[in-house]
Amino acid sequence: QVQLVESGGGLVQAGGSLRLSCAASERTIYTMAWFRQAPGRVREYVAGITWTAKTNYADSVKGRFTISRDIAKNTVLLEMNSLKPEDTAVYFCAADRSLQLTQRQGDFDYWGQGTQVTVSS
């Protein structure tokens, strides 16, 4: 059972940057991803990365967000630049044992508790 803990959320002005971190309880080669859920909206895919560092992004964050991982340190990072008020959400880290680069929430086996990101206008 892999445990995931997110950190790095906070309040930032529009145009600013934040870096989220997800720490896994053990070394894993699972596919890792970030999802987010804004108030009153369904949780949506943000970005994902395989153990071979293949990445995928939602169209809404392409060119602004970068996902990376350090397998040796059991961490996954999400660098968020040019933040917009519509990026405001709780951001969740997730792990998928299948190793595939999937966007489907149901494919992910482990989830963190989330970290709040608020972007003011």
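The values are calculated or read from the model by the stated rules, or taken from the named source; none is laboratory data. The structure displayed is predicted, hence computed values, not measured ones. Positions of Cβ are backbone-derived with ideal geometry, glycine not excepted, and every protein chain shown enters the neighbour counts. Remember, those area values only see protein heavy atoms, side chains included, never the ligands or the DNA or RNA. Shrake-Rupley method; radii C 1.70, N 1.55, O 1.52, S 1.80 Å.
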| Going 7 Å from the Cα of V5 toward and past its Cβ, which residues in segment 92-121 have a backbone nitrogen under 19 Å from where you end up? | 92-95, 110-117
| Could you give the accessible area per residue of segment 1-110, probe 1.4 Å, as a whole number in Å²? | 52 Å²
| field | Stretchable slack from W51 to E86, in nm (0.36 nm times residue separation minus alpha-carbon distance) | value | 9.6 nm
| field | Percent of beta bridges antiparallel (DSSP, the chain, rounded to nearest 5) | value | 90 percent
| query | Which of the aspartates and glutamates could be linked to K73 by a straight reach, that is with a Cα gap under 20 Å, when you skip same-chain ones fewer than 8 residues away? | reply | E6, E26, D96
| said: Computing the accessible area with a 1.4 Å probe over protein heavy atoms, can you report the carbon and sulfur percentage for the chain? | reply: 46 percent
| request: Run the dipole for segment 66-107 about the Cα centre, Lys and Arg Cβ at +1, Asp and Glu Cβ at -1, nothing else charged, and hand back the magnitude in debye, nearest 20. | output: 140 debye
